[in-house]
Structures are given as C-alpha cells and as structure tokens.
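A.B. asks: Would you mind keeping the following structure in view while I ask a few things?
The values are calculated or read from the model by the stated rules, or taken from the named source; none is laboratory data. All of these numbers come straight from a predicted model, not from anything done at the bench. Please note: Cβ atoms are built from the backbone with ideal geometry, for glycine as well, and neighbour counts cover all protein chains shown. The area values use the complete protein model at the heavy-atom level, side chains included, leaving out ligands, DNA and RNA. Shrake-Rupley method; radii C 1.70, N 1.55, O 1.52, S 1.80 Å.
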Amino acid sequence: MRWLVWFLIGLLVLLQYKLWVGDGSLAEVWNLYQQVEAQQEENRQLRERNQALEAEVEDLKQGLEAIEERAREELGMVRDDETFYQIIEEHPGQDGAQQ
C-alpha cells in the first residue's frame, strides 16, 4: 500500500513537471500566444499599408491629377502657363549678423 502512495505522488510530480516546464508547458503556450498576437498586429499594419498603396496605384491609373500632384510635390515641376515663386523664410536667430 505504501508503494502505491509513493507511486501516485511520483506520477503527480511527473505530470506537474510536464505541465509547468516540459514541452507544451503553460509558459511555452503563453509565449506562443504572445507571438501570434504580435504577428497579427504586424499583419494588420501591413494590410493597411497595402490598401493605401493599392489606392494610390488605382488613383495613378485613373487620372492625370494624381500624376500631376506627384510631379509638383516630389519633382517641383510647373506647367508652361504658370509662374514659379520660391519663398525663403528666415528662421529665428538667423538675422544675418555673426556673433
């Protein structure tokens, strides 16, 4: 009878060890759960970025307004009938005098 009690205690310890430390333990499952959460967040951000890029590509395919806007903003281009003005603002502390 005594050996049965020790056997059951040993079995309980072995099962508890596997639950807390071994393969498939609670700590490992929790770690995998956190990795899944992080990957889902990254996927959400990439999905949003892809949707924005798809919208931009569709806009560029649809009309010339988007192409013209990009040419103006990124390349500084102007039309033939327009006059280009560049305004340079002085930053505070730059009064031209050296100290």
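Let's see how each residue does on (1) among the aliphatic types (A, V, I, L, M); (2) assigned to a helix (DSSP H, G or I); (3) open to solvent by less than 80 Å² (accessible area, probe 1.4 Å):
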residue	(1), (2), (3)
23	no, no, no
53	yes, yes, no
69	no, yes, no
73	no, yes, no
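A.B. asks: Has the stretch 60-68 got at least one residue that is among the small types (Gly, Ala, Ser) and closer than 30 Å to residue 19 by Cβ?
C.D. replies: no
A.B. asks: Okay, next question. Could you say which residue among 19, 4 is touching a Leu at 6+ places or on another chain (Cβ under 8 Å) and in a helix (DSSP H, G or I)?
C.D. replies: 19 is the lone residue from the list that is touching a Leu at 6+ places or on another chain (Cβ under 8 Å) and in a helix (DSSP H, G or I).
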